[in-house]
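K.L.:
Shown below is the structure under consideration.
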Amino acid sequence: MRALVLTVTCLVCLEYFSLLQSIDISSPHAPPIYRQCESRGCSDPSTGRSTYRRHVLQALDIDKLRMVTAFASLSKNSSNISTNNSSGVKIEGKGVDELPQCPMIPPGLHGRFPVILDSLPSMLEMEEGETELGLELGGVWHPPGCKARHRVAIIVPYRDREPHLRAFLHNIHRFLQRQQIMYGIYIVEQVGSTPFNRAMLMNVGAAEALKQHDYQCFIFHDVDLLPEDDRNLYTCPIQPRHMSVSIDSFLYRLPYDDIFGGVSALTVDQFQSVNGFSNMFWGWGGEDDDMANRLRVKKLFISRYPANIARYKMLKHTKDKANPERFKFLYSGAKRMTKDGYNNLKYHKENFVLKRLYTWILVDLPRLKV
Ligand code: BGC
């Protein structure tokens, strides 16, 4: 008889507890610990309202529990974030500031890894498979479970290279996530068929990225270069860093000492102190050399990782027409530096979309006079 009473009491308690938890998780004010979502997210895209309601006892497994414990201690003051753990489960939390800092040396690096170029998915397929990357709209990512030491905007000047863009996106997100940095990808596309102005697009990217997030570091990145070693950290050290030191198509050798093209890193402060890139370089060549001159004027030095780490694969393309005026603008660059660059930048923003894998900025660039 006693055993029967005990069993019934236990069942009633369990049911009561169960009801309480169901109420908790359906409340928008429930602590983040209960608001667990499937990897596709919590909300119904048509209504924007939360759809996923699961009993907390069903949700417990060791992986998720670890994240739950981390998020339970989050502060109330900090801003909303959405992140995921290694098992792909999204957890809405507050207060990234309260997380422990990510380790100085990211623990998940592979070193040299094979760049994926075969059987690339279509852009649509890639976007649909995005959930496993745990991105925020605009191709923004925060490492789960720790506070990133670096907030980095990856700025990619772009026009008419869709296959390259797919290869870039397919490889770069996984590469960056192993480095545990907070990052956003900005694809800045030039409209029309006037000569390509790589430098001006990078200025636009910097301006637009800073409107979105509080970045500390810019990585200016050609879309046709894919890193081959994840020890090549996409961060900004004390001095500007030229990242693409050894490229397969240059036989993994640096063409000349002052080269600053391909992929390069500048802190936001360094970028502003040199007044960004010159806006005067239309067509191929010279704009990166002009930046190297600006750095020299400001007594900054180009730093580099060793060539066996800063390795890149270059995707095949036809070479753009070189700009015959590049030498003229290079020679007079230092004189123009204070009035030609970030501070006289003008552009017409034709489109701006927070896509799933990146932020897309379509711009019409005017010819500026200095
Ligand atoms: C150009 C640079 C370019 C470099 C490597 C130089 O002649 O001026 O813009 O990055 O060659 O291709």
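K.L.:
Where the second residue is among the aliphatic types (A, V, I, L, M) and surrounded by 14 or more Cβ atoms within 10 Å (Cβ to Cβ) and the first is closer than 16 Å to A199 by Cα and at pLDDT below 95 and lies in region 343-370, which pairs have Cβ atoms under 6 Å and are six or more apart or on separate chains?
P.N.:
none
K.L.:
Continuing with this model, one more query. Go over the candidates I259, I361, I309 one by one and state the one that is touching an Asp or Glu at 6+ places or on another chain (Cβ under 6 Å), buried (at least 16 other Cβ atoms within 10 Å of the Cβ), of a type in the set (V, I, T) and not in a strand (DSSP E or B).
P.N.:
Selected residue: I309, the only one of I259, I361, I309 that is touching an Asp or Glu at 6+ places or on another chain (Cβ under 6 Å), buried (at least 16 other Cβ atoms within 10 Å of the Cβ), of a type in the set (V, I, T) and not in a strand (DSSP E or B).
K.L.:
Now a separate question. Could you figure out which of (1) surrounded by fewer than 15 Cβ atoms within 10 Å (Cβ to Cβ); (2) modelled with pLDDT of 90 or more; (3) β-branched (V, I, T) isn't true of T69?
P.N.:
(2)
K.L.:
Can you confirm whether region 285-303 contains a residue that is buried (at least 21 other Cβ atoms within 10 Å of the Cβ) and aromatic (F, W, Y)?
P.N.:
No: zero hits.
K.L.:
For region 264-283, which residues satisfy the criterion of being within 11 Å of the ligand (Cβ to nearest atom) and either on the phi < 0 side of the Ramachandran plot or outside any loop (DSSP other than H, G, I, E, B) (or both)?
P.N.:
Across region 264-283, the qualifying residues are S264, F281.
K.L.:
If you take the residues in region 230-256 that are touching a strand residue (DSSP E or B) at 6+ places or on another chain (Cβ under 7 Å), over 12 Å from M314 (Cβ atoms) and among the charged types (D, E, K, R), which one is surrounded by the fewest Cβ atoms within 10 Å (Cβ to Cβ)?
P.N.:
Result: R253.
K.L.:
Still on this structure: Does P227 fit the bill of being of a type outside the set (A, V, I, L, M), touching a strand residue (DSSP E or B) at 6+ places or on another chain (Cβ under 9 Å) and away from the ligand (no atom under 16 Å from the Cβ)?
P.N.:
yes
K.L.:
Would you be able to tell me the number of residues in region 187-217 that are under 12 Å from P157 (Cβ atoms) and either within 19 Å of the chain's Cα centre (by Cα) or polar (S, T, N, Q) (or both)?
P.N.:
Counting residues in region 187-217 that are under 12 Å from P157 (Cβ atoms) and either within 19 Å of the chain's Cα centre (by Cα) or polar (S, T, N, Q) (or both) gives 11.
The values are calculated or read from the model by the stated rules, or taken from the named source; none is laboratory data. All of these numbers come straight from a predicted model, not from anything done at the bench. Glycine gets a Cβ as well: all are built from the backbone with ideal geometry, and neighbour counts include every protein chain shown.
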